[in-house]
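A quick write-up on the structure given underneath.
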Amino acid sequence: MPAPRRVRATAPGGVGNLGPGLDVLGCAVTGLSDSVEAWRTAEAGVHLVASGHPDLPDDAMQHASAIAASAVLAMASRAGRQPFGIAIALTKGLPLAGGQGGSAASAVAGAAAANALLDQPLEAMMVLEAALAAETAVAGRHLDNIAPILFGGVVLVRADDPPDLVRLPAPAALRIVLALPDQRLRTRDSRAVLPASVSLAVALHQAAQVAAIVAACATGDLALLGRAIDDRIAEPARAPLLPGFAEAKGAASAAGALGCSISGAGPTAFALASGDAQAHRVAVAMREAYEECRIRCTTRVERVNERGVVVERLPA
């Protein structure tokens with residue numbers, strides 16, 4: 001079948017870090033997504049037709065989707081595969097600076113869309129590298145959102161140079177509550193408060209929790225998974241930047257959450273629950289806790305997205 005002339009790539013959001021897994025654990029989640037529509041052009045290069053949001057740059061050299069698409073074209077050109085340019089338009093469904101993998105989703109959607117237009121598409125790990133190049137430019141080099149958003153599921157990043165990824169099974173009953181307060185926190189600002197070093201005791205504790213998450217996913221042990229959401233590196237550093245988080249976390253625990261922490265760089269908080277009923281109780285409790293702090297908050301209950309980015313052909 002010949003390569004399509006026009007495509008749409010839809011990329012889900014994600015929960016980066018997954019508690020203690022700073023930069024090494026993440027999962028894609030159902031619900032909101034970013035999508036990139038892309039089509040071939042006679043003029044070389046990547047042309048950004050729609051940035052997706054008034055607060056996102058119109059310059060293709062600064063836009064996550066366009067940077068990722070440009071990286072795909074550059075790789076294809078080096079392999080002698082790219083005889084055309086690409087126009088892209090982003091539809092932004094994920095919140096900006098919300099800690100739900102928004103920049104990573106835009107990057108993955110841009111890379112996947114550009115790749116789908118090639119007569120000979122690149123291998124999946126090259127698409128990953130293209131999306132990572134974009135994420136590095138706009139938010140810093142980390143794969144904990146890029147990898148699960150591209151491939152779906154829960155992903156452990158064993159190494160990022162070169163990437164070495166391990167896909168983990170998600171327990172069927174697992175529900176993820178996302179609570180987004182009326183705040184924004186840029187990833188770069190959130191990363192700036194991380195400690196340059198930690199004690200041996202903290203490092204050992206953190207490693208044990210990551211190992212416990214892997215074991216919990218492998219065995220379907222939701223109770224263990226919840227106990228392992230115990231971050232002693234990023235959460236203590238970032239919590240002071242997030243008014244209402246401590247109260248929401250306490251409310252989630254009281255409502256029966258398995259575990260709770262900061263999603264990615266924040267400000268979204270996430271909680272894990274077993275089944276829909278428990279998850280909805282937790283969502284209400286977290287929303288009410290933020291509102292008692294006079295902070296508006298929206299919540300949603302989701303599952304692990306097992307598919308990752310989805311590409312569809314469109315009429316030319």
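The values are calculated or read from the model by the stated rules, or taken from the named source; none is laboratory data. Here the structure is a predicted model, which is why all the values come from computation and not from measurement. Quick reminder, even Gly has a Cβ in these numbers, built from the backbone with ideal geometry, and neighbours come from all protein chains shown. SASA here: full protein model, heavy atoms, side chains in, ligands and nucleic acids out. Shrake-Rupley method; radii C 1.70, N 1.55, O 1.52, S 1.80 Å.
When restricted to residues that are in a strand (DSSP E or B) and either open to solvent by 20 Å² or more (accessible area, probe 1.4 Å) or of a type in the set (A, V, I, L, M, F, W, C) (or both), region 11-34 contains 10. Cβ-Cβ distances below 7 Å connect the following pairs, each with a first residue in region 150-175 that is of a type in the set (V, I, T), a second residue that is open to solvent by 70 Å² or more (accessible area, probe 1.4 Å), and a separation of six or more residues or different chains: V155/R167; V166/R158.
Within region 285-315, take every residue that is β-branched (V, I, T) and buried (at least 18 other Cβ atoms within 10 Å of the Cβ) and give me the one that is farthest from A246 (Cα to Cα).
As a first pass, look at region 285-315 and keep what is β-branched (V, I, T): 295, 298-299, 301, 304, 309-311.
Now restrict to residues that are buried (at least 18 other Cβ atoms within 10 Å of the Cβ): 295, 299, 301, 304, 309, 311.
On the way: I295: 13, T299: 16, V301: 20, V304: 25, V309: 33, V311: 39 Å.
Only one residue tops the list, namely V311.
Taken as a whole, the structure leaves A71 outside the set of residues that are at pLDDT 95 or above and under 30 Å from L178 (Cα atoms).
Confirm whether R191 is touching a residue at least 60 places away in the same chain (Cβ under 8 Å), open to solvent by 60 Å² or more (accessible area, probe 1.4 Å) and outside any loop (DSSP other than H, G, I, E, B). Before the answer, list the steps.
Values: touching a residue at least 60 places away in the same chain (Cβ under 8 Å): yes; open to solvent by 60 Å² or more (accessible area, probe 1.4 Å): yes; outside any loop (DSSP other than H, G, I, E, B): yes.
Yes; evaluated as a whole, the condition is true for this residue.
All told, G256 falls short of being within 17 Å of S190 (Cβ to Cβ) and either modelled with pLDDT of 95 or more or not polar (S, T, N, Q) (or both).
So, C293, is that one farther than 25 Å from V138 by Cα and out of contact with any Pro (no Cβ under 9 Å at 6 or more places or on another chain) or not?
So C293 does not fit the description; no.
Beta carbons closer than 6 Å, at least 6 apart along the sequence or on distinct chains, pair a first residue in region 266-292 that is within 20 Å of D231 (Cα to Cα) and touching a residue at least 60 places away in the same chain (Cβ under 8 Å) with a second that is open to solvent by 10 Å² or more (accessible area, probe 1.4 Å) and assigned to a helix (DSSP H, G or I) for M286/A251. Of all residues in region 259-316, those satisfying the criterion of being in contact with a helix residue (DSSP H, G or I) (Cβ under 7 Å, 6 or more places away or on another chain) and modelled with pLDDT under 95 are A265, G266.
So which of A203, A223, A137 ends up being touching a helix residue (DSSP H, G or I) at 6+ places or on another chain (Cβ under 6 Å) and among the aliphatic types (A, V, I, L, M)?
Values: A203 fails: touching a helix residue (DSSP H, G or I) at 6+ places or on another chain (Cβ under 6 Å); A223 fails: touching a helix residue (DSSP H, G or I) at 6+ places or on another chain (Cβ under 6 Å).
That would be A137, the only listed residue that is touching a helix residue (DSSP H, G or I) at 6+ places or on another chain (Cβ under 6 Å) and among the aliphatic types (A, V, I, L, M).
Of the helices (runs of 4 or more DSSP H) that lie entirely inside region 213-274, not one contains 3 or more residues that are polar (S, T, N, Q) and in contact with a strand residue (DSSP E or B) (Cβ under 8 Å, 6 or more places away or on another chain).
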